[in-house]
Each structure stands twice: as C-alpha cells, then as structure tokens.
Amino acid sequence: MKTILIIDDEPVMLDLLSLYLSPLGYRCIKVDSGLKGIKYLEENNVDLILLDIMMPEMDGWETCKKIRKHWDTPIIMLTARDAKEDIVKGLKGGADDYISKPFDEEELVARIEAVLRRQKNNHGVIQFNGLSLDQDAFQLQFKGININLTPKEFGLITLFLTNQNIVFTREHLITSIWGYEVSTEDRTIDSHIRNLREKLRKAGFPAEKYLQTVWGVGYKWNSHE
C-alpha cells in the first residue's frame, strides 16, 4: 500500500482528498501545516506528498524547499492559483507536478499515478543536496561531476545515504561493508571515512556537515541542518 502525506490547512480539503484516495488503496496521512508535515517525514517514510501552496505560517513553496533539502519524495503541489509564474515557482522549488483547485478526481489520480511511475523508473538513484548516487551504475556525482570512489567507499556512502540519521558503530560498518569473515581493524574504517570525506570535499560537497563522527561510537549521515 502506497502512503500519501497530505499537507493542507483546510480540514475539508484534507478529508476530501482522503475520501478520494483511500478507497483506491492509498494510505492517507493528513496534517494541517508544513511544519507538521516535515516533522512527520523526520520519523516516517511516505511515497508521495500532496502539498497545498496557500497556507499560513509557512506556505507550500517554503515547505517544498525545506523538504527537498533532505528528501527526494515526489511532491504534487495543490493550488487555487493557475498563473504561469506560480506553476514555474513550484516546479523550480522542487515539485514534481501541480494540480489546480478545484480539480477533477480522475485527473488527480492520474497525476499521482504518473508521478509514482516516474519515481519507480528512477529506483536505485538517491538524491541529496546536489549529490546523486546511482546504485545500479555504481556512480556518485555532485552537481553532475563524477566522484571516483573505491568499492568500499561506495558501499559506505550508499549505506549512509539509505540510512540517514542512524549512528553506525565501527563494528557494524565493518560487518556491513567488509563482511563477517574479514578481519579488519577500526582504524581501517576511520581511514576510509577520511578518504571519502576528502573526495566529497574536493568535489565541493560540505562533507563534515553531513558525514559526522559520533565520538566513542562511530559515524552517521546527519541530514538535519
């Protein structure tokens, strides 16, 4: 079952969207502000976000930008506006599609299905603040520039990006990347982390900000700024 996070400050719209989508097999999570939506994403995974533009405190454009800093979850903007500049602003801010209110139920479902299909075709590619990790092609890029990694470094960055904000002990990293049967010392992990950071730095990515040392424990990829 696909999970859709609906962010809209209007209770009637939240209920209406859920009423449309739940019978089709979608699990709908309803929140009434951008801040609540971001808080939910910090602790849960969703397959798609329906995001209203006109909201108090933090509008949909700002919410979209904040979401895009940490997640590549597909976003469809919901707006009562249909002006070209508003549409362009939403798409440039990281939205995958938009639909104007009032919308037809069949059109809404068709757009959701289309965005989810595109996401499925992109399976294996992880995006994070300009980094693009293609697991199938064994390739890491930052803003389109290739970063050459060893197999162990690629294994580490893949583990971190697919498990953000989780602290890994050195022992866990050794068994995950090198395997149980290999005898490897902690300083080998430290050396590989150091080399990975240096390669990310040279490409222009602020490695220390995200690939962090948890003293006395190990390492984690901190996606929170």
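The values are calculated or read from the model by the stated rules, or taken from the named source; none is laboratory data. A quick note: this is a predicted structure, and the numbers were derived from the prediction, not measured. Note that we place each Cβ from the backbone using ideal geometry, even for glycine, and neighbour counts take in every protein chain shown. Ligands, DNA and RNA are excluded from the accessible area calculation, which covers all protein heavy atoms including side chains. Shrake-Rupley method; radii C 1.70, N 1.55, O 1.52, S 1.80 Å.
Structure above, values below:
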{"item": "Count - residues of region 89-136 that are closer than 27 Å to Ala207 by Cβ, open to solvent by less than 60 Å² (accessible area, probe 1.4 Å), part of a loop (DSSP other than H, G, I, E, B) and modelled with pLDDT of 80 or more", "result": "3"}
{"item": "Breaking point among (1) outside any loop (DSSP other than H, G, I, E, B); (2) over 21 Å from Arg111 (Cα atoms); (3) open to solvent by less than 60 Å² (accessible area, probe 1.4 Å); (4) touching a residue at least 40 places away in the same chain (Cβ under 8 Å), for Met55", "result": "(1)"}
{"item": "Residue that is open to solvent by less than 10 Å² (accessible area, probe 1.4 Å), within 29 Å of Asn165 (Cβ to Cβ) and either β-branched (Val, Ile, Thr) or not in a loop (DSSP other than H, G, I, E, B) (or both), where the choices are Ile29, Ile76", "result": "Ile76"}
{"item": "Candidates Glu198, Glu181, filtered to the one that is modelled with pLDDT of 95 or more and either in contact with a helix residue (DSSP H, G or I) (Cβ under 6 Å, 6 or more places away or on another chain) or farther than 29 Å from Asn44 by Cα (or both)", "result": "Glu198"}
{"item": "Of the criteria (1) at pLDDT below 95; (2) under 28 Å from Lys69 (Cα atoms); (3) in a helix (DSSP H, G or I); (4) not polar (S, T, N, Q), which one Lys220 fails", "result": "(3)"}
{"item": "Subset of region 1-24 [more than 20 Å from Leu116 (Cα to Cα) and either in a loop (DSSP other than H, G, I, E, B) or not charged (D, E, K, R) (or both)]", "result": "Asp8, Asp9, Glu10, Pro11, Val12, Met13, Leu14, Leu16"}
{"item": "Sole residue being under 15 Å from Gly93 (Cβ atoms) and at pLDDT 90 or above, chosen from Ile29, Ile4, Ile67", "result": "Ile67"}
